[in-house]
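The values are calculated or read from the model by the stated rules, or taken from the named source; none is laboratory data. What you see is a predicted model, and the numbers here were worked out from it, not measured in a lab. When we count neighbours, we look across all protein chains shown, and the Cβ atoms used for this are built from the backbone with ideal geometry, even at glycine. The area values use the complete protein model at the heavy-atom level, side chains included, leaving out ligands, DNA and RNA. Shrake-Rupley method; radii C 1.70, N 1.55, O 1.52, S 1.80 Å.
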Amino acid sequence: MKRDFKTILITGGAGFIGSHVVRRFVNNYPDSKIINLDKLTYAGNLQNLTDVENKPNYTFVKGDITDKNFIDELFIKYNFDAVVHLAAESHVDRSISNPTEFAITNVIGTINMLNAAKKSWANSMEGKLFYHISTDEVFGSLGATGFFTETTAYDPRSPYSASKASSDHFVMAYYHTYKLPVVISNCSNNYGSHHFPEKLIPLAIHNIKDNKPVPVYGKGENIRDWLFVEDHASAIDVIVYRGTIGNTYNIGGHNEWKNIDLINLLCKIMDKKLNRATGTSAKLITFVKDRAGHDMRYAIDSTKIQKELGWKPSLQFEEGLEKTVDWYLANEAWLNNVTSGDYQKYYEKQYVQR
Ligand code: NAD
Ligand code: DAU
C-alpha cells in the first residue's frame with residue numbers, strides 16, 4: 001500500500017539533486033507540506049527553486065544539520081512524518097583537500113538527523129520514514145567487468161565516499177538498534193540542469209561555451225554510469241512511497257561512459273548548439289594531472305528497484321545531454337552567478353595551481 005505523509009522534510013533541497021526532488025514533491029503532492037532545510041553552502045542556491053517558491057505547500061528553512069539543537073527544535077516545530085536526507089558535502093575533489101569538513105557534515109550531520117527523528121518518533125514509529133540518499137561510490141572501484149548490487153561489500157576509497165559509507169552504516173545501525181524506519185538508496189552519477197559547475201559535465205559545458213580548456217583527469221579512461229537527475233528524483237519518489245523499510249536500493253542508468261568519450265560527445269553537441277564547425281570544441285580538451293586515488297569504474301545493477309518498484313530511467317543519454325546543454329545555454333545568468341566570487345578561487349586552486 002502506498003504511504004501517505006503530511007509533512008515531509010527534505011534536507012539539501014537547494015542543491016542540485018535536492019532541488020529536483022523538492023520541485024517534484026511540491027508539484028506532485030499538493031496535500032503534503034514540503035519543508036526544505038538547507039544551509040546554503042556554496043552548492044546551495046535558492047535560484048534553483050524560483051518556480052516553486054510561492055507554492056502554498058512549500059517552506060524554505062535556512063539551517064545547518066550539524067547544529068544539533070536547531071535540528072531538534074525543527075522536528076518539534078514541524079512534527080515531520082518523513083525525512084528525505086540529501087544534505088551533504090558532495091564533491092570528491094573538495095573532500096581530498098578537506099576531509100574533516102566531509103566527516104562533520106556527512107557523518108555528524110546525519111547522526112544529528114537520526115537522533116532528532118528517533119526522539120520525535122519515540123512514541124510511535126508507525127507511518128514514519130527516514131530516507132537517506134547515498135552514492136554508489138561507497139562500493140569502491142570496479143575493474144572492467146561486473147556491477148554494484150545491493151549486496152556488494154562497502155569499500156570506500158575517497159574521503160567523500162568514506163564519509164557517505166559511514167553515514168550509511170549509522171543509518172542502518174539506527175534501524176537495527178532502535179527500529180528507526182529507514183531506507184537507503186545508492187545512486188550513480190547524476191547529470192542535468194542546476195548542476196554546480198565543479199562537476200565534470202557542467203564544468204565542461206561552461207568552459208566549452210567560454211572557449212576555455214576542458215580539463216580531463218589522467219587519460220580520461222575512468223568510467224561513470226550517468227543518470228538524468230529527474231530520473232533519480234522519480235526513483236526517490238517511488239522509494240519514499242513504496243520502498244521496503246530496512247532495505248537499500250541501487251539506482252543507475254545502465255549508461256557507462258569513459259570520461260573522454262563523454263567529453264567528445266559533449267563537444268559535438270556544443271559545436272552544433274553554438275554553430276561551430278565540427279571539431280572546434282574538441283580542440284579545448286586538455287589532459288591534466290589525475291585525481292588522487294581516482295576510482296576507475298562505477299556501474300550499477302538496478303534490477304531490484306526495477307523489479308520491486310517498477311522504476312526505470314526515462315531518457316537516453318544523448319537526449320538528456322542535449323536537454324542539459326540547452327538549459328545551460330538558456331540560463332547564462334544562473335551560470336554567471338554561481339561562477340563569480342569564490343568559484344574563481346576554487347578554480348584557480350584546483351586547475352591552475354595543481
Ligand atoms: P550538492 O552539493 O549539489 O548539494 C548539497 C546541498 O546540501 C546544498 O544545497 C548545500 O547547501 C546543502 N548542505 C551542505 N551542507 C549542509 C549542512 N551542513 N546543513 C544543511 N544543508 C547543507 O549535492 P548533490 O549532488 O545534489 O547531492 C545530494 C545528495 O545526493 C548528497 O547526499 C550526495 O552524496 C548524493 N548523491 C549525489 C550524486 C551526484 O551525482 N551528484 C549521486 C549519488 C548520490
Ligand atoms: O557516483 C556518484 C557520485 O558522482 C556522487 O556521489 C558525487 O556526489 C558526484 O560528485 C559524482 O562523483 P564523481 O567524482 O564521479 O563526479 P565528477 O563530476 O567530479 O567526476 C566525474 C568523472 O570525471 C571522474 O572520473 C573525474 C573526472 N573529472 C572530473 C572533473 C571535475 C575530470 O576528468 N575532470 C574534471 O575537471
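Quick notes
- Qualifying residue in region 329-337 (condition: among the polar types (S, T, N, Q), closer than 20 Å to I251 by Cβ and out of contact with any Asp or Glu (no Cβ under 7 Å at 6 or more places or on another chain)): no
- Test result for V325, of a type in the set (A, V, I, L, M, F, W, C), in a helix (DSSP H, G or I) and out of contact with any Phe, Trp or Tyr (no Cβ under 9 Å at 6 or more places or on another chain): yes
- Just one of the listed residues (D136, D168, D155) is free of Cβ contacts under 8 Å to residues at least 24 places away in the same chain and of a type in the set (D, E, K, R), namely D155.
- One residue stands out among those in region 186-204 that are among the hydrophobic types (A, V, I, L, M, F, W, C) and open to solvent by 10 Å² or more (accessible area, probe 1.4 Å): the one that is nearest to S90 (Cα to Cα), which is F196.
- When residues of region 66-109 are limited to those that are within 16 Å of ligand 2 (Cβ to nearest atom) and among the acidic types (D, E), the one farthest from K164 (Cα to Cα): D93
- Residues of region 119-161 satisfying the condition of being surrounded by fewer than 18 Cβ atoms within 10 Å (Cβ to Cβ) and over 20 Å from C187 (Cβ atoms): K119, A122, N123, S124, M125, E126, G127, G143, A144, T145
- Filter pass, T135 being touching a Gly at 6+ places or on another chain (Cβ under 9 Å) and of a type in the set (V, I, T): no
- Strands (runs of 3 or more DSSP E) enclosed by region 19-120 - at least 1 residues per element that are of a type in the set (S, T, Y) and away from ligand 1 (no atom under 12 Å from the Cβ): 58-62
- Residue that is farthest from ligand 2 (Cβ to nearest atom), among those in region 304-318 that are under 22 Å from the mean Cα position of the chain (by Cα) and surrounded by 15 or more Cβ atoms within 10 Å (Cβ to Cβ): L309
- Considering the conditions (1) within 13 Å of ligand 2 (Cβ to nearest atom); (2) over 30 Å from D81 (Cα atoms); (3) at pLDDT 95 or above, R354 is excluded by exactly one of them, (3).
- Comparison of D295, D301, D271 shows that the only residue that is surrounded by 15 or more Cβ atoms within 10 Å (Cβ to Cβ), touching a Lys or Arg at 6+ places or on another chain (Cβ under 8 Å) and either closer than 30 Å to F139 by Cα or free of Cβ contacts under 8 Å to residues at least 40 places away in the same chain (or both) is D295.
- Region 214-229 - residue that is within 16 Å of ligand 1 (Cβ to nearest atom) and aromatic (F, W, Y) and, of those, surrounded by the fewest Cβ atoms within 10 Å (Cβ to Cβ): W226
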